[in-house]
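J.: A single structure is presented below for examination.
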Amino acid sequence: MLRIVLLLVVIIMVVLLVPRLLSRSAAPAAGSSAPDFTLPSQEGSRVSLKDYRGKWVVLYFYPKDQTPGCSREAHNFQVDQPKYAERNAVVLGVSVDSVDSHKKFCAKEGLNFKLLADTDHKVSDSYGSLSNLGLVKFAARHTFLIDPAGKIAKTYLSVDPLKHSQEVLAELDLLQTAPKR
């Protein structure tokens, strides 16, 4: 009897969870227009992608404030801020955490670039970066390099937070020195 009950519980969990895990939207492809958005930053100001036309944008999604991998990735982006400025690029971080959570994260880690609060999950979903584990939703660790015209230049769907900033800077160098098509 216990085996039957356990089997039923497992079947119910599979039926409920698997569709949610597989329901992620597709990420926008390189060459397509980046989905526009407006989100609040840790400073409380509203930030729109269109505000950065004419600049390169490193739009990175991360799972959770004040976790080891996310802290390392943010720290590396922070250390490299002067290098991004030299390349006419800005870094914008996005998670589903609140503005208050971002404020605390920025204060603790000494971050001065913008972290955006996607509490309704719409932006993470539009970039194919919303992960859903049953009742818990979080942003997947993805990055989109957006060119000054608002097009996706490069998509990173597998990110190592330890070396990701250097990887993005190297790609920016390649894209900015490549002949125009």
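Derivation of every value follows stated rules applied to the coordinates shown; laboratory data play no part. Please read these numbers as outputs of a predicted model, since none were measured by experiment. Using ideal geometry, Cβ is built from the backbone for each residue, glycine included, and neighbour counts are taken over all protein chains shown.
J.: Taking a cut-off of 16 Å between Cα atoms, list the lysines near K108, but don't count ones fewer than 8 places away on the same chain.
T.: Leaving aside lysines fewer than 8 places away in the same chain, those within reach of K108 are K64.
J.: Out of residues 5 or more away from K154 or on other chains, whose amide H comes under 5 Å of its own, with H placed 1.01 Å from N in the peptide plane?
T.: Placed amide hydrogens put L145 under 5 Å from K154.
J.: OK, next. Please identify the DSSP H helices in the chain that span no less than 24 Å along the helix axis (Cα) and have a mean Kyte-Doolittle hydropathy of 0.0 or more.
T.: The qualifying helices are 2-21.
J.: Please check which bits of segment 100-128 a label hung off S45 would reach, taking the label as a point 7 Å along Cα-to-C-beta and the cut-off as backbone N under 19 Å.
T.: The answer is 100-107, 110-118.
J.: Which percent, to the nearest 5, of DSSP beta bridges fully inside the chain are antiparallel?
T.: 65 percent
J.: Over the Cα atoms of segment 98-181, what radius of gyration and what Dmax do you get, in Å?
T.: When restricted to Cα atoms, segment 98-181 yields Rg and Dmax of 15.2, 47 Å.
J.: Among L174, A140, A27, whose Cα sits farthest toward the positive end of the charge dipole of the chain (+1 at Cβ of Lys/Arg, -1 at Cβ of Asp/Glu, about the Cα centre)?
T.: A27
J.: Right, something else. If you rank D173, D97 by fewest surrounding Cβ atoms within 10 Å, what's the result?
T.: Exposure proxy ranking, most exposed first: D173, D97.
J.: Assuming R0 = 22 Å, what is the FRET efficiency of K64 and T155, from their Cβ-Cβ distance, to the nearest 0.05?
T.: 0.55
J.: Given the options L39, H102, A153, identify the residue whose Cα lies farthest towards the positive end of the charge dipole of the chain (+1 on Cβ of Lys, Arg; -1 on Cβ of Asp, Glu).
T.: So the residue furthest toward the plus end is A153.
J.: From the list (i) 1.22; (ii) 1.04; (iii) 1.15, can you say which value of Cα Rg over 2.2 N^0.38 Å was derived from the structure given?
T.: (iii)
J.: Check the straight Cα-Cα distances from K137 and name the aspartates and glutamates below 12 Å, setting aside those fewer than 8 residues away within the same chain.
T.: Qualifying aspartates and glutamates at Cα under 12 Å: D97, D118, D120, D125.
J.: Sticking with this structure for a sec: Roughly how big is segment 47-177's charge dipole about its Cα centre, with Cβ charges of +1 (Lys, Arg) and -1 (Asp, Glu), in debye to the nearest 20?
T.: Charge dipole of segment 47-177: 140 debye, to the nearest 20.
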